[in-house]
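Take a look at the structure below.
The values are calculated or read from the model by the stated rules, or taken from the named source; none is laboratory data. This structure is a prediction, so every number in the text was calculated from the model and none was measured. Every residue, glycine among them, receives a Cβ derived from its backbone with ideal geometry; neighbour counts consider all protein chains shown.
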Amino acid sequence: MSIQIFGLPVSRGVAIGRAVLVASSRVDVAHYFIDAAQVAAEVDRLRRARDEVANELVALKQEVPEEAHAELVALLDVHLMLLHDDMLADATKQWITERHYNAEWAMSAQLEVLARQFDEMEDDYLRERKADLEQVVERMLKAMSRSARDDNDVTAGVGSRDFGGEDPLVLVANDIAPADMIQFKRSVFTGFVTDVGGRTSHTAIVARSMDIPAVVGTREGSRLVRQDDWVIIDGDEGVLIVDPSPIVLEEYRFRQCQGELERARLDRLRHKPSVTLDGVNIELLANIELPADAPAAIAAGAVGVGLFRSEFLFMNRGGHLPDEEEQYLAYRAVVEAMNGLPVTIRTIDVGADKPLDRLSSHAIDHQTNPALGLRAIRWSLAEPEMFGAQLRAILRASAHGKVRVLIPMVAHAHEALRVREALEQARRQLDGQGQAYSHVELGAMIEVPAAALILPALLRHFDFVSIGTNDLIQYTLAIDRADEAVAHLYDPWHPAVLQLIATTIGQARAHGKAVSVCGEMAGDASFTEILLAMGLTSFSMHPAQIASIKQRILRADAKSLQMRLPQVLAHDDPQQACVQLLAGAARN
Ligand code: PEP
Ligand code: MG
């Protein structure tokens, strides 16, 4: 029977496909399709892993004297029985032979099926055997990862989206950490659904950067979907439909086609200059997470990178952070890919909902209140060696093109001084080594209300500012941006938020300093007019959003919008005022 589940829309469009349920703890299992010719070898890999685990369990059994540990021996017998049970062994094989999943994916897919069955069992003893099944699967996955390393025959990561002829797939999980989400870029999935998360959580941001439909905050979503169910993800409305009826399916297929036509239409704006009706040039920059995203920025017509979230280079590293050389090569790759266009590299911003590693034991990942803890520039200043290496790597990349450094979460003027000192020291060290670098401008992210309120003092130390509306909203309204339970209170239209943005833009301009917005508001077309009305001329967003924002800009009259701003800001309901007042200044 068809069910509709409501969540939060985070990435536009409609995806229709079969659900791949993944437990949050196993999101990092490799997901890719194998060729028909590889099926036999993949089944053999599964069999070898099973034999290896069976030998392991038998050896363990022999090590424990039965008289002393009868319970442990009985448990190992249960594990051996589960290992050979058809429900696990044969059914896993079937995912490989019929659906061409790689062995690890097949194994975790079948685990999800069986875990549901265990959950539904009446008998307490049987229900508790789910933990044993999970342990057996864990052993199998470990054995397969060993064999993958030995054979060196398996694609690392999550494989390609090129699944020629197979049904499209959408990933459904309780939660996906940003560090895991980034691994799904260019993966087999054509849509994402998670139970938790807010619209500007970093998981949602990465999903949006992939430009495929996504819904978060469905609360119960992953529990109500079964492995392989047909589902529709409506990323515009934030709806997940499970097992849709043929009529609903037809309607959504129609919407999918319309969405594609609309994209093709917007695509034609790619190389058109971004200028308002009254001739104001508006700079449209790209937000990227990895060097590999740079070509998409160029293809979308971005005139530079306004935000390179460098922290994604530091994730999934099992605690080994990239050294100066590795970072230099990554930054240089972006600078070169952007081919002379400016690249704004934000120094590492880990912490809060962006842990370094899902399984990390790093202190930064275990704070009592991480959003208010040692994150972003606070962490960098507390780790001078790591920070120095990053600054040197960025400076070295500046020898290859125009680079700007952006500091996240600045709240105090003394942080600016310490950053300047660290930058000076990095320059001296490079001079000592005879390494080349050129001039880099230093910018501050304005994302803590305190920074917005002391902006003139900060502007003495920084060359430019970039408004991080995602955090500015979170910290102004005291709303955790990643918590779906308070998502309804996360309000970019709140008059306090609008005032902070408007005064930041106004003051930066009055001081002759460049200002842009790089939070999600910049790429959301419902805010284009109000940001233009505030005098903003630089927007940074996911490459896929550039065309629709440009369309709004081409239809807007900046001067007339600016004249109407005071009325909007004075209104009790700025959103409504914006629609009424600003609509008059924009041509539809
Ligand atoms: C922001 O806070 O608006 C921002 C752009 O940074 P991030 O989303 O990475 O915190
Ligand atoms: Mg931020």
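Here are the numbers for the structure shown:
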| item | result |
| --- | --- |
| Selection count, the range 294-329, where residues are in contact (Cβ under 8 Å) with a residue 60 or more places away in the chain, touching a helix residue (DSSP H, G or I) at 6+ places or on another chain (Cβ under 6 Å) and either acidic (Asp, Glu) or assigned to a helix (DSSP H, G or I) (or both) | 6 |
| Test result for Leu307, buried (at least 19 other Cβ atoms within 10 Å of the Cβ), within 16 Å of ligand 2 (Cβ to nearest atom), aliphatic (A, V, I, L, M) and at pLDDT 95 or above | yes |
| Hey, Leu531 in contact (Cβ under 8 Å) with a residue 60 or more places away in the chain and touching a helix residue (DSSP H, G or I) at 6+ places or on another chain (Cβ under 8 Å) or not | no |
| Counted residues, the range 513-530 - those being out of contact with any Gly (no Cβ under 7 Å at 6 or more places or on another chain) and near ligand 1 (Cβ under 9 Å from one of its atoms) | 4 |
| The one condition in (1) free of Cβ contacts under 8 Å to residues at least 40 places away in the same chain; (2) exposed (fewer than 15 other Cβ atoms within 10 Å of the Cβ) that Gln425 fails to fulfil | (2) |
| From the options Leu240, Leu249, residue that is in contact (Cβ under 8 Å) with a residue 60 or more places away in the chain and part of a strand (DSSP E or B) | Leu240 |
| Answer residue from the range 265-280, given it is without any contact (Cβ under 8 Å) to a residue 24 or more places away in the chain and basic (Lys, Arg) and is surrounded by the fewest Cβ atoms within 10 Å (Cβ to Cβ) among those | Arg268 |
| Selected residue [modelled with pLDDT under 90, surrounded by fewer than 19 Cβ atoms within 10 Å (Cβ to Cβ) and in a loop (DSSP other than H, G, I, E, B)] from Ser145, Ser160 | Ser160 |
| Condition met for Ala508 (part of a helix (DSSP H, G or I) and among the small types (Gly, Ala, Ser)) | yes |
| Whichever residue in the range 188-223 is in a loop (DSSP other than H, G, I, E, B) and aliphatic (A, V, I, L, M) and, among such residues, is nearest to Ala352 (Cα to Cα) | Val196 |
| Selection from the range 86-96 of residues that are buried (at least 16 other Cβ atoms within 10 Å of the Cβ) and either of a type in the set (S, T, N, Q) or outside any helix (DSSP H, G or I) (or both) | Thr92 |
| Per-region count, the range 97-128, residues more than 17 Å from Val53 (Cβ to Cβ) and either assigned to a helix (DSSP H, G or I) or in contact (Cβ under 8 Å) with a residue 60 or more places away in the chain (or both) | 20 |
| Residue check, Leu374 assigned to a loop (DSSP other than H, G, I, E, B), at pLDDT 95 or above and in contact with a strand residue (DSSP E or B) (Cβ under 9 Å, 6 or more places away or on another chain) | no |
| Scan of the range 390-410 for residues that are assigned to a loop (DSSP other than H, G, I, E, B) and buried (at least 21 other Cβ atoms within 10 Å of the Cβ), ordered by number | Pro408, Met409, Val410 |
| Residues that are outside any helix (DSSP H, G or I) and among the aromatic types (Phe, Trp, Tyr), drawn from the range 431-488 | Tyr437, Phe462, Phe464 |
| Residue, nearest to ligand 1 (Cβ to nearest atom), within the range 437-477, restricted to residues that are among the hydroxyl-bearing types (Ser, Thr, Tyr) and crowded, with 17+ Cβ neighbours inside 10 Å | Thr469 |
| Flag if Asp349 is out of contact with any Leu (no Cβ under 8 Å at 6 or more places or on another chain), within 15 Å of ligand 1 (Cβ to nearest atom) and part of a helix (DSSP H, G or I) | no |
| Candidates Arg99, Arg18, filtered to the one that is out of contact with any Leu (no Cβ under 8 Å at 6 or more places or on another chain) and among the charged types (D, E, K, R) | Arg99 |
| Selected residue [of a type outside the set (A, V, I, L, M), more than 16 Å from ligand 2 (Cβ to nearest atom), at pLDDT 95 or above and under 19 Å from Phe308 (Cβ atoms)] from His439, His412 | His439 |
| In the range 369-409, the residues that are more than 16 Å from ligand 2 (Cβ to nearest atom) and under 21 Å from Gly319 (Cβ atoms) | Leu381, Ala382, Glu383, Pro384, Glu385, Met386, Phe387, Gly388, Ala389, Gln390, Ala393 |
| Residue in the range 323-332 that is away from ligand 2 (no atom under 16 Å from the Cβ), crowded, with 23+ Cβ neighbours inside 10 Å and either within 21 Å of Gln390 (Cβ to Cβ) or over 20 Å from the mean Cα position of the chain (by Cα) (or both) present | yes |
| Qualifying residue in the range 281-290 (condition: under 29 Å from Lys559 (Cβ atoms), buried (at least 18 other Cβ atoms within 10 Å of the Cβ) and β-branched (Val, Ile, Thr)) | yes |
| Complete set of residues in the range 174-221 that are surrounded by fewer than 24 Cβ atoms within 10 Å (Cβ to Cβ) and within 15 Å of Ile5 (Cα to Cα) | Asn174, Asp195, Val196, Arg219, Glu220 |
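Residues checked against (1) under 22 Å from Ala297 (Cα atoms); (2) of a type in the set (A, V, I, L, M); (3) crowded, with 21+ Cβ neighbours inside 10 Å:
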position	(1), (2), (3)
Val486	no, yes, no
Pro492	no, no, yes
Ala496	no, yes, no
Leu500	no, yes, yes
His511	no, no, no
Val517	yes, yes, yes
Met534	no, yes, yes
Ser540	yes, no, yes
Asp557	no, no, no
